[in-house]
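Participant: Input: one structure, supplied below.
No lab work stands behind these numbers, since they all come straight from the coordinates. Please read these numbers as outputs of a predicted model, since none were measured by experiment. Backbone-built Cβ (ideal geometry, glycine too); neighbour counts: all protein chains shown.
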Amino acid sequence: MNAARSLLAVPATRRKMVEKALASEADAVFLDLEDAVAPDSKSAARGDVASALAELDWGGRSALFRANALDTPYFYRDLIEVVEAATSSLGAVIIPKVNRPEDLYAVSVLLSGMELALDLEPGKIKLEAQIESAEGLSNVDAIARATPRLEVLHFGPGDFAASLGMPLNSIGVMDEWDEAYPGHRFHHAMQRIVVAARAAGLRVLDGPVADYSNEEGLRRSCLIARSLGFDGKWCIHPAQIEVVNEVFSPTEGELKWARKVVAAYDEANAEGSGSVSMDGQMVDAASIKLARNTLDKVP
């Protein structure tokens, strides 16, 4: 399956919403035990996650849930109770607020013990990590290489802004503070996360747009993320899925160019040449990599 363009977040406690999410066009869905669940409901919500993982049709998607952060009183029971109940149906766990590579190492050790106890394939349960703090960003290169279980890095703009003391009126869209700053305020963080992910062979997803009725803002946010190299973006409402899937898919023009480049380069190679001119531009090894990246993104 291709890298997810759209990742739909769903409260673990809302079974009907989970069922609708799994019937949607979202490339990936995760059940949330963190921000979407009130503290008094977190314990019971673990059972909701386990039953949804085991009983519902995920439509070929990897079954995901987001645990609470490691520095909360909920995390260790989140992992133990859900993994032990869901057994072989669980594909990956999203870990929020990852600050150090040691965070993921500790989770991986705990998962290894449970895989042994449950007679699961070693390393079966994968990890995805959210980078959403100053400490997390400063350690992102080491975090990206912390464990072979890690498959995806996610950028969390809301918590990241709070960590830095940045004023922010609406998560994911331009506000008055963006107008005051002569550039894109999250550019450094986003590009650094993408570089760390690619260097470690990981996928990378951008965080959500909180105002799910703002289609124009969502589209702009998606375009910025895609231009920086992100594979896709979070959705917090099904209404956002169509725009996200559209923006993170190659356009017909991009596909036409990519196919033409591949054909021209293959023809040049067959004739013993390492490069060729196409439409007044030089097509070389870098061009072919860009073209194949585009073709690899076809849903």
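Participant: Can you give me the pair-distance distribution of segment 171-246, C-alpha pairs, 5 Å bins, whole percents?
Facilitator: Here the calculated profile for segment 171-246 is 3, 16, 26, 24, 18, 10, 3, 0.
Participant: On to the next question. For segment 169-299, with equal point scatterers placed on the C-alpha atoms only and solvent neglected, what are the log10 I(q)/I(0) values from the Debye formula at q = 0.22 1/Å, to two decimals?
Facilitator: Computed log10 I(q)/I(0) values: -1.24.
Participant: Follow-up. Nearest 10 degrees is fine. How inclined is helix 42-55 to the longest principal axis of the chain, computing both from alpha carbons?
Facilitator: Compared with the principal axis, the helix lies near 60 degrees.
Participant: I've got another one for you. Can you give the helix-only mean residue ellipticity at 222 nm for the chain, where every DSSP H stretch with n ≥ 4 adds -39500 (n - 2.57) and the sum goes over all residues, rounded to the nearest 500 deg cm²/dmol?
Facilitator: Working: 13 runs with 139 residues, N = 299.
Theoretical 222 nm ellipticity from helices: -14000 deg cm²/dmol.
Participant: On to the next question. For a distance above 30 Å, tell me the whole-number percent of Cα pairs in the chain that qualify.
Facilitator: 36 percent
Participant: Something else: To the nearest 20 debye, what is the magnitude of the charge dipole of segment 20-74 about its Cα centre, counting +1 on the Cβ of each Lys and Arg and -1 on the Cβ of each Asp and Glu?
Facilitator: With only Lys, Arg, Asp and Glu charged at Cβ, the dipole is about 100 debye.
Participant: Let me ask something else. May I ask you to evaluate 6.51 cos²θ - 1.76 cosθ + 1.60, the Karplus curve with θ = phi - 60°, for each residue of segment 131-146 and list the ³J(HN,Hα) values in order in whole Hz, giving x for glycine and proline?
Facilitator: 9, 8, 8, 4, 5, x, 5, 5, 10, 4, 5, 5, 4, 4, 10, 5
Participant: How big is the gap, in Å, between the Cα center of segment 130-175 and the Cα center of segment 36-89?
Facilitator: Cα centroid to Cα centroid, the span is 22 Å.
Participant: Let me ask something else. On a 0 to 90 degree scale, rounded to 10, what angle separates helix 75-86 from the longest Cα axis of the chain?
Facilitator: 80 degrees
Participant: With r defined as the distance between the Cβ atoms of ASP71 and GLN191 and R0 fixed at 30 Å, what FRET efficiency is calculated, to the nearest 0.05?
Facilitator: Calculated transfer efficiency: 0.65.
Participant: Another question, if that's okay. Pick out which of VAL107, VAL98, VAL49 has the largest mean-square fluctuation in a Gaussian network model of the chain, springs linking Cα atoms closer than 10 Å.
Facilitator: VAL107
Participant: Go through SER41, GLY172, PRO96 and say which Cα lies farthest out towards the positive end of the charge dipole of the chain; charges sit on Cβ, +1 for Lys and Arg, -1 for Asp and Glu.
Facilitator: PRO96
Participant: Here's a follow-up. Most mobile of MET282, MET174, MET17 per a Gaussian network model of the chain (Cα springs, under 10 Å)?
Facilitator: Looking only at MET282, MET174, MET17, the biggest GNM fluctuation is shown by MET282.
Participant: Would you mind computing, in nm to one decimal, how far apart the modelled labels at ASP57 and TRP177 are, each placed 7 Å from Cα along Cα→Cβ?
Facilitator: Between ASP57 and TRP177, the label points sit 4.5 nm apart.
Participant: Share of Cα-Cα pairs in segment 1-131 beyond 19 Å, in percent?
Facilitator: In whole percent, the share of Cα-Cα pairs in segment 1-131 beyond 19 Å is 45.
Participant: Build a GNM of the chain with springs between Cα atoms under 10 Å: which of GLU252, GLU25, GLU102 gets the top mean-square fluctuation?
Facilitator: Residue with maximal mean-square fluctuation among GLU252, GLU25, GLU102: GLU252.
Participant: Against the longest alpha carbon principal axis of the chain, how many degrees, from 0 to 90 and to the nearest 10, is the axis of helix 252-270 turned?
Facilitator: Once rounded, one gets 60 degrees.
Participant: Dividing the Cα radius of gyration by the Kirkwood radius, what Rg/Rh value follows for segment 66-180?
Facilitator: Working: Rg = 16.0 Å, Rh = 15.2 Å.
Radius of gyration relative to Kirkwood radius: 1.05.
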